[in-house]
1. Pick from ARG196, ARG187: which is outside the structural domain of GLY280 (by TED's automatic domain parsing) and within 25 Å of CYS271 (Cβ to Cβ)?
2. Of all residues in the range 168-210, which are among the hydrophobic types (A, V, I, L, M, F, W, C) and within 11 Å of the chain's Cα centre (by Cα)?
3. When you go through (1) within 18 Å of HIS152 (Cβ to Cβ); (2) touching a residue at least 12 places away in the same chain (Cβ under 8 Å) one by one for ALA131, which number turns out not to apply?
4. Considering only residues of the range 13-30 that are part of a loop (DSSP other than H, G, I, E, B) and in contact with a Ser or Thr (Cβ under 8 Å, 6 or more places away or on another chain), which is surrounded by the most Cβ atoms within 10 Å (Cβ to Cβ)?
5. Mind counting the residues in the range 236-274 that are touching a strand residue (DSSP E or B) at 6+ places or on another chain (Cβ under 7 Å) and either closer than 18 Å to SER99 by Cβ or aromatic (Phe, Trp, Tyr) (or both)?
6. I need the full set of residues from the range 168-178 which are small (Gly, Ala, Ser) and crowded, with 16+ Cβ neighbours inside 10 Å, in order please.
7. Can you find a residue in the range 276-288 that is in contact with a helix residue (DSSP H, G or I) (Cβ under 6 Å, 6 or more places away or on another chain) and either surrounded by fewer than 15 Cβ atoms within 10 Å (Cβ to Cβ) or part of a helix (DSSP H, G or I) (or both)?
8. If I filter the range 248-255 for residues that are of a type in the set (Val, Ile, Thr) and assigned to a helix (DSSP H, G or I), do I get at least one hit?
Amino acid sequence: MAETQAPQIRRLVAPNPSPMTYTGTNTYFLGLRDIAVIDPGPDNDAHFAAIVSAIAPDQKITKILVTHAHLDHAPLARRLSAHYGAPIYAYGDSGAGRSAQMIALSAAGKIGGGEGVDYDFQPDITLKDGAVLDHEGQELIAIWTPGHFGNHMAFSWNGALFSGDHVMAWASTMISPPDGDLGAFRRSCAQLQQRRERLYLPGHGDAIEDGPARLHWLLAHRQERESQIISHLQGQPNSAQGLAEAIYTDIDPRLIHAATRNVLAHLIDLCERNLATCQGPIDLQAKYSVI
């Protein structure tokens, strides 16, 4: 059953809990009669039926918005669009929004990545950063927030910010290159810090009552992680996996791969800023040292 999160905003949680999705993907319903859906979720029959059941006879889905092209957020959009005749809005397809460096690293094929990407995702309407849609007489603002994913967008409506996987309360943001980009993540956080919304409604987990405070924590957490990496590299060169095993000593072993991807994001960022160097081309086996 859909739960009220704020005035005119309801949430339905998809049945896809996991160590990476927490209790499941949050699907949001905006409005009273014309309904905008944010993140339809995975292509799951039960979740599709639950979404349809959540729409009253005097309501209709008129917009479908997708924060980013991951398999736990985007695939059901196409079936929902066909059912209601509603267009799908997003920044772009699964490759949109990458920096030139991430495009090059992806083409080289040495750093892995691509976890959980919905390569088939294609919006009907692409949105630029700052695009404004009218929804039930209120501005629905699209905010490009790359970092977790190149085509990631947050959406602002009725005083709430739908933050997707960019800002969540239950975990720090997963950044796995080349889809994830730590430099872009920091810039996106700085952009959101200039906004007024306090209530953040994330892609997984509970609402965040003080979004700006969470942004501050996320940036401080990344700075602390960077300092740990630099400190370890001052002793001797090391790889992304070696650093992850040395630093993430208290996590579920199932998450060490995700931790390695996060460390790799830091190493690429440090190399970009000329604070570290890679012994040879950037790849998963390479060793890094501080400059």
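The values are calculated or read from the model by the stated rules, or taken from the named source; none is laboratory data. Quantities reported herein were computed from a predicted structural model and do not represent experimental measurements. All Cβ positions, even for glycine, are placed from backbone atoms using ideal geometry, and neighbour counts span all protein chains on display.
1. Working: ARG196 fails: within 25 Å of CYS271 (Cβ to Cβ).
Matching residue, one of ARG196, ARG187: ARG187.
2. Residues of the range 168-210 among the hydrophobic types (A, V, I, L, M, F, W, C): 168-171, 174-175, 182, 184-185, 189-190, 192, 199, 201, 207-208.
Answer for the range 168-210, where residues must be among the hydrophobic types (A, V, I, L, M, F, W, C) and within 11 Å of the chain's Cα centre (by Cα): MET168, MET174, ILE175, PHE185.
3. With respect to (1) within 18 Å of HIS152 (Cβ to Cβ); (2) touching a residue at least 12 places away in the same chain (Cβ under 8 Å), ALA131 is out only on (2).
4. To start, the set of residues in the range 13-30 that are part of a loop (DSSP other than H, G, I, E, B) comprises 14-17, 19-21, 23-24.
In the following step, the residues that additionally are in contact with a Ser or Thr (Cβ under 8 Å, 6 or more places away or on another chain) were identified as 14, 16-17.
On the way: ALA14: 25, ASN16: 19, PRO17: 13.
So the residue we want is ALA14.
5. Within the range 236-274, the first condition is being touching a strand residue (DSSP E or B) at 6+ places or on another chain (Cβ under 7 Å), and the residues that meet it are 237-238, 267, 270-271.
If we keep only those that are either closer than 18 Å to SER99 by Cβ or aromatic (Phe, Trp, Tyr) (or both) as well, we get 267, 270-271.
Selection size over the range 236-274: 3.
6. Within the range 168-178, ALA169, SER176 qualify.
7. Among the residues of the range 276-288, not one is in contact with a helix residue (DSSP H, G or I) (Cβ under 6 Å, 6 or more places away or on another chain) and either surrounded by fewer than 15 Cβ atoms within 10 Å (Cβ to Cβ) or part of a helix (DSSP H, G or I) (or both), which makes the answer no.
8. Looking only at the range 248-255, we keep the residues that are of a type in the set (Val, Ile, Thr), and these are 249, 251.
So of that shortlist, the ones also assigned to a helix (DSSP H, G or I) come out as none.
No, that holds for no residue.
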